[in-house]
Amino acid sequence: MKLLIVDDEIIITEDLKNSIEWSKLGITEVFTAFNIRQAKEVFFNSEIDIMLCDIEMPQGSGLELLAWVRKNFPKTESIFLTCHADFSYAKEAIRLGSLDYILKPVPYMELEKAISKAIEKINKESKLLEKSLFGEFWFKHQPLVIEHFWIDILNRTIRTNQKAIKEAAEARNIPYAENMKFLPVLFNIRRWHNDWNLQDQKLMEYGFKNIVNEVVLKDGSKGQLIEMERGKFIIILSIWNNRLLDIGTLKKDCQACLNASNEYLKCDIACHIGSEAYAYELPVMVDNLYEQEKDNVFHDNRVFLLNEQNKVLDNIDLPDMGMWSIMLAEGSGESLLSEILTYLDGLSKVRGFKAGKLKEFHHDFMQMVYSTLKQKGIQAHKLFNDTESVKLYDNSDNSVRDLLVWIRHVVMKVVDYTGDVEKTQTIVNKVKQYITVNVEQEMTREEVANHLYLNPDYLDRIFKKETGMSVTKFMVQERLNKAQELLSKTELPVSVIAVAIGYKNMSHFSAAFKKHTNMNPIDYRKEAHK
């Protein structure tokens, strides 16, 4: 067998190449590459069985190289080498599969065990392929082509009839029999507990696929794992010769996948198991699984059978939004959240509850919030336009759990802000501070109101009630006070001072200044310098 070491650290690479007795492991030739470009050249020139690859390299990550290898050389087994000790959870997850994840400095005994495991897997798959190109192990034949074959069936790129599917299989040289039946299983990663970047998330998803292959597919003889889109995976299980599939065992294995993923990968997943069907029936069945998952707004980390949840919808009593509005307006945030939690907990016991009903509740709740904010002169779009609010809102309809996170965010933000609004002196002080700090900038009453998320007319009313003047008049007063300070303490020309405080017309500035001080700017400066 041939092995490739990919690492940008030349000394480590050469030391690794020369420190292990590769022939004892069954490795006949060892290649090295110090970046992704060199690694690809090796693949094009030699048939590589095993790749040892660093994750972090200057010209691209090991994950990117692995994705390329899986697409173009799917029979190659890969082992990661990395300095990232904080990825121990990923290491545990990936160890459930065929690949390993080894921390630098590389323990040679551990590496030799990982290579032996990879060789054993390669030999086993080779024997299975030799044993039968048309049998229970056919899913291992041409894995990438077969994956695209199933994706085309599920997306209806291949017409949903036996003849079209058979012709497509023959055209792609894929073993297929019309009497075969299949059973689809949907896994949906609903959320990650950590805020992963894209590279970390790909690594976690790779770990999840290894868990599924190890726990559900076991020796690879049962079916094909397909990634339909980010976070959504389908297993197509094959059923030969009318062999009965043990649904109880399958459900138990799927639950074990969810438990392992929750523990090691820190994520919440839902799983839905379909029924036996011919290939042309799978698109509709998978659509039903997606629809069932969409309506699963209450439960994470559980396995469901298709149509397991009762479709008969009980009557749903709408909450008293009027009372909730009063509680919100009065600042009783925790009491309101308790009421909402009680109501949503009651919905979890409603038979046939669907995601559409949760959206209806969400719309009614937000209508109540907007109405309350309008009564207080607060502009909702300003209050909820920050990055965190937008992210929580986008996820809010995924599940009751996500909706509750969003509702708590909304309630506490409204209560905190309306509490400040109720304290007129606090708002007035904020207005004064904002104007004073920005007195040299062009500003309008509307801009000041937007800064405080308030309606301009409402802001003017509470400001005038407290100070006896409008916001606009206070802005003019502060500008002229600034002009007085500049005239008395600097030698700046009067025209420069006028522009500095927002006046573009000199005559307008002089008139406003004289009205404010009973003196024109030049006389004021002379008087101040006496």
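A few points about this structure:
- Residues in region 249-266 that a label on Asp200 would reach, taking backbone N under 18 Å of a point 7 Å out along Cα→Cβ: 261-266
- Paramagnetic label zone (point 7 Å from Cα along Cα-to-C-beta, Asn307; backbone N under 19 Å) in region 254-291: 272-291
- Ranked by the mean number of other Cβ atoms within 10 Å of their residues, highest first, the peptides 378-388, 146-156, 492-502 come out as 146-156, 492-502, 378-388.
- Taking region 316-356 and a reference point 7 angstrom along Cα→Cβ of Thr426, the backbone N atoms nearer than 12 Å belong to 331.
- Rounded, prolate or oblate (a/c below 1.5 giving rounded, otherwise prolate when a/b exceeds b/c) for region 2-131 by Cα gyration tensor: rounded
- Counting 0.36 nm for each residue step from Lys473 to Arg70 and taking away their Cα separation leaves a gain of 138.1 nm.
- Where labels lie 7 Å past Cα in the beta-carbon direction, separation of Glu29 and Glu491 in nm: 8.5 nm
- Links that overshoot a 31 Å alpha carbon limit, given the list Lys465/Lys515; Lys374/Lys432; Lys75/Lys391; Lys465/Lys526; Lys222/Lys266; Lys464/Lys526: Lys75/Lys391; Lys465/Lys526; Lys464/Lys526
- Estimated at 0.36 nm per residue, the fully extended path between Thr342 and Glu41 surpasses their Cα-Cα distance by 102.1 nm.
- Nearest-ten-degree value, helix 198-215 long axis tilted from longest Cα axis of the chain: 30 degrees
- Fully extending the segment from Tyr176 to Asp523, taken as 0.36 nm per residue of separation minus the present Cα-Cα distance, adds 115.0 nm.
- Of the GluC sites (Glu not before Pro) found in region 415-490, those in coil by DSSP whose Cβ has at most 16 other Cβ atoms within 10 Å are Glu440, Glu442.
- Helix 36-45 vs. the chain, principal-axis angle (Cα, 0 to 90°, nearest 10): 20 degrees
- Remark: the chain carries a charge dipole of roughly 1340 debye about the Cα centre, counting +1 on each Lys and Arg Cβ and -1 on each Asp and Glu Cβ.
- Student exercise, region 2-131 dipole from Lys, Arg, Asp, Glu Cβ charges, in Debye to nearest 20: 580 debye
- Note on the chain: helix-only mean residue ellipticity at 222 nm, from DSSP H runs of 4+ residues weighted -39500 (n - 2.57) and normalised by residue number, equals -17500 deg cm²/dmol.
- Note on Lys163/His381: beta-carbon distance plugged into 1/(1 + (r/R0)^6) with R0 of 56 Å gives a FRET efficiency of 0.55.
- Positive-end residue, the chain charge dipole about Cα centroid, Cβ charges, pick of Asn179, His299, Val42: His299
Read-outs: derived from the displayed coordinates by stated rules, not from any lab. Since this is a predicted model, take the numbers as computed values, not measurements. FYI the Cβ positions are ideal-geometry reconstructions off the backbone, even for glycines, and counts take in every protein chain you see.
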